[in-house]
Amino acid sequence: MAVDSGQSLKIEFSGQHEPHILRIFLPARPVRVTLDGSELAEADSWQFDAAHERLIIKTRNYAQGRYEIFTVPGASPSSRSAAPEKEPRR
């Protein structure tokens with residue numbers, strides 16, 4: 001996994017493709033979230049927990065594993081908690 005932060009937070013996965021959940025510390029709701037260049041729908045693919053300042057992204061299928069999280073100016077993204085979790089198999 002590679003992480004790059006600036007005006008947006010970029011996270012890229014490599015290796016085996018598996019369902020996963022990202023929990024990312026973020027002080028404010030993102031403006032938009034993309035995966036492999038396509039915008040993800042809020043509520044369907046991601047949610048923001050304002051009380052805990054966490055962006056939660058749930059992904060089952062993806063082509064390249066390139067996330068980009070766009071924030072409002074002044075709300076700098078952080079990579080300190082960008083640790084993936086495997087989604088439980090059903």
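The values are calculated or read from the model by the stated rules, or taken from the named source; none is laboratory data. The structure displayed is predicted, hence computed values, not measured ones. Quick reminder, even Gly has a Cβ in these numbers, built from the backbone with ideal geometry, and neighbours come from all protein chains shown.
Within region 33-75, the set of residues being in a strand (DSSP E or B) and over 17 Å from H20 (Cα atoms) comprises S38, E39, D49, F70. Picking from residues in region 36-55 that are aliphatic (A, V, I, L, M) and closer than 19 Å to R66 by Cβ, the one that is surrounded by the most Cβ atoms within 10 Å (Cβ to Cβ) is L55.
Does A2 qualify as being surrounded by 13 or more Cβ atoms within 10 Å (Cβ to Cβ) and at pLDDT below 90? For A2, the condition - surrounded by 13 or more Cβ atoms within 10 Å (Cβ to Cβ) and at pLDDT below 90 - is not met.
A quick yes/no check of all residues on (1) touching a residue at least 12 places away in the same chain (Cβ under 8 Å); (2) at positive phi:
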position: F13; (1), (2): yes, no
position: E18; (1), (2): yes, no
position: I21; (1), (2): yes, no
position: P30; (1), (2): yes, no
position: L35; (1), (2): yes, no
position: A43; (1), (2): no, yes
position: A51; (1), (2): no, no
position: T59; (1), (2): yes, no
position: Y62; (1), (2): yes, no
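Here A28 passes the criteria (1) surrounded by fewer than 15 Cβ atoms within 10 Å (Cβ to Cβ); (2) at pLDDT 90 or above except the one numbered (1). Looking across region 76-90 at every residue that is in contact with a strand residue (DSSP E or B) (Cβ under 9 Å, 6 or more places away or on another chain) and either of a type outside the set (G, A, S) or not in a loop (DSSP other than H, G, I, E, B) (or both), the one that is modelled with the lowest pLDDT is identified as R80. Quick one: is K58 basic (K, R), surrounded by 12 or more Cβ atoms within 10 Å (Cβ to Cβ) and modelled with pLDDT under 95? So K58 fails the test.
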